[in-house]
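> My questions will all concern the structure given below.
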Amino acid sequence: MTPDFHPAAEAEFLECVGYYESRVPGLGTSLVDEYEALAKLILQSPKAWPVEIKPDIRRAPFYRFPLAIIYRGREDKVQILAIAHDRRRPQYWLGRL
């Protein structure tokens with residue numbers, strides 16, 4: 001199974017990496033590392049996180065950053081819909097469904 005980024009989600013992720021790297025050198029790299037670890041867990045067990053919106057939209061929070069991966073699992077892939085901030089613009093990504 002492979003992750004499939006929604007184009008807007010990929011742009012969000014790159015924007016977050018740039019933002020954190022501009023604040024503290026190396027923090028963007030830490031974000032990438034945490035994303036990779038979380039994405040690996042999601043790919044191994046896509047149903048491990050609770051459903052955010054029925055029937056199959058799930059939210060996997062980052063540990064160190066106020067972000068979450070919003071995704072839906074399919075039989076052959078995981079579609080990443082957003083890299084969403086925990087406290088900004090709730091559910092803005094609904095238009096990506």
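The values are calculated or read from the model by the stated rules, or taken from the named source; none is laboratory data. Quantities reported herein were computed from a predicted structural model and do not represent experimental measurements. Because the Cβ atoms are built from the backbone with ideal geometry, glycine has one as well, and the counts that use them run over all protein chains shown. Areas reflect the complete protein model, heavy atoms only, side chains present, ligands, DNA and RNA absent. Shrake-Rupley method; radii C 1.70, N 1.55, O 1.52, S 1.80 Å.
> Does Asp86 satisfy the criteria of being touching a Pro at 6+ places or on another chain (Cβ under 8 Å) and of a type in the set (Asp, Glu)?
So Asp86 fits the description; yes.
> Ser45 fails exactly one of the following numbered conditions: (1) of a type in the set (Ser, Thr, Tyr); (2) closer than 17 Å to Leu97 by Cβ; (3) open to solvent by 40 Å² or more (accessible area, probe 1.4 Å). What is the number of that condition?
Evaluating Ser45 over (1) of a type in the set (Ser, Thr, Tyr); (2) closer than 17 Å to Leu97 by Cβ; (3) open to solvent by 40 Å² or more (accessible area, probe 1.4 Å) leaves (2) as the failure.
> Mind checking which residues of segment 1-31 are of a type in the set (A, V, I, L, M) and open to solvent by less than 80 Å² (accessible area, probe 1.4 Å)?
Ala8, Ala9, Ala11, Val17, Val24, Leu27, Leu31
> Looking at segment 62-78 only, could you name the residues that are outside any loop (DSSP other than H, G, I, E, B) and either surrounded by fewer than 17 Cβ atoms within 10 Å (Cβ to Cβ) or in contact with a Gly (Cβ under 8 Å, 6 or more places away or on another chain) (or both)?
Lys77 - this is the single residue of segment 62-78 that is outside any loop (DSSP other than H, G, I, E, B) and either surrounded by fewer than 17 Cβ atoms within 10 Å (Cβ to Cβ) or in contact with a Gly (Cβ under 8 Å, 6 or more places away or on another chain) (or both).
> Report whether or not Ala48 is small (Gly, Ala, Ser), over 15 Å from Asp4 (Cα atoms), modelled with pLDDT of 95 or more and out of contact with any Gly (no Cβ under 8 Å at 6 or more places or on another chain).
Criteria not met by Ala48.
> Here is a follow-up. Looking at (1) modelled with pLDDT under 95; (2) touching an Asp or Glu at 6+ places or on another chain (Cβ under 6 Å); (3) in a helix (DSSP H, G or I), which one does Arg59 not meet, given that it meets all the others?
Here Arg59 clears every test but (3).
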